[in-house]
1. When only residues in the stretch 43-62 that are modelled with pLDDT of 90 or more and assigned to a strand (DSSP E or B) count, which is farthest from the chain's Cα centre (by Cα)?
2. Go through the stretch 97-124 and count every residue that is more than 16 Å from VAL50 (Cα to Cα) and touching a residue at least 40 places away in the same chain (Cβ under 8 Å).
3. Of all residues in the stretch 68-110, which are touching a helix residue (DSSP H, G or I) at 6+ places or on another chain (Cβ under 7 Å), modelled with pLDDT under 95 and either closer than 13 Å to LEU8 by Cα or assigned to a helix (DSSP H, G or I) (or both)?
4. Please state which of the following conditions ASP65 fails to meet, knowing it meets all the rest: (1) charged (D, E, K, R); (2) loosely packed, with under 12 Cβ neighbours inside 10 Å; (3) at pLDDT below 90.
5. What residue, of GLU30, GLU92, GLU97, is among the charged types (D, E, K, R), over 14 Å from the mean Cα position of the chain (by Cα) and farther than 20 Å from ALA118 by Cα?
6. Out of the residues in the stretch 70-120 that are farther than 14 Å from TYR4 by Cα and of a type in the set (D, E, K, R), state the one that is surrounded by the most Cβ atoms within 10 Å (Cβ to Cβ).
7. Residue pairs, Cβ under 9 Å, 6 or more apart or interchain, first in the stretch 40-57 and farther than 14 Å from ALA93 by Cα, second β-branched (Val, Ile, Thr) and part of a strand (DSSP E or B). List them.
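The values are calculated or read from the model by the stated rules, or taken from the named source; none is laboratory data. All values reported here derive from a predicted model rather than from experimental measurement. Here the Cβ positions follow ideal geometry from the backbone for every residue, glycine too, while neighbour counts run over all protein chains shown.
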Amino acid sequence: MTQYFLTLPHDTADEPTMESMQEFDPAELEAMMAAVGKFNADLNEAGAFVTAGGLHPPSTAITVDATGDAPQHTPGPFVEAAEYVGGFWIIEAPDQERALAWAEQASAALGSRIEVRALQEAPE
């Protein structure tokens with residue numbers, strides 16, 4: 001079965017964090033968290049859940065480059081962008097149509113767009 005990477009974009013200017021989520025309306029935050037919890041439970045029940053997680057904002061990134069004489073560690077992301085991946089799921093689905101259906105549920109739960117990309121298969 002193919003694995004799909006479902007990503008949650010965030011606006012770079014906002015850099016939402018767990019702390020900034022406390023600024024949300026408590027009822028809206030509770031409803032969103034419940035909807036995401038239900039989505040995760042549905043994924044598990046269907047055997048589609050592989051893993052999921054939230055990422056710290058790009059300002060916390062360190063880019064590592066060990067392609068030269070000595071490894072370099074550079075504060076910040078390796079690319080400047082208007083948006084960044086704030087969270088993700090890796091799911092298993094029999095086809096792209098089912099992966100897109102899961103993404104529709106994630107989008108509705110979070111009130112956000114979701115990007116869907118298949119993971120490459122291992123070479124034979």
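1. The qualifying residue farthest from the chain's Cα centre (by Cα) is ILE62.
2. Result for the stretch 97-124: 9.
3. Correct list: TYR84, ALA109, LEU110.
4. (3)
5. Details: GLU92 fails: farther than 20 Å from ALA118 by Cα; GLU97 fails: farther than 20 Å from ALA118 by Cα.
Answer to the selection: GLU30.
6. Among those residues, the one meeting the criterion is GLU83.
7. Within 9 Å, the pairs are ALA52/ILE90; ALA52/ILE91; LEU55/VAL85.
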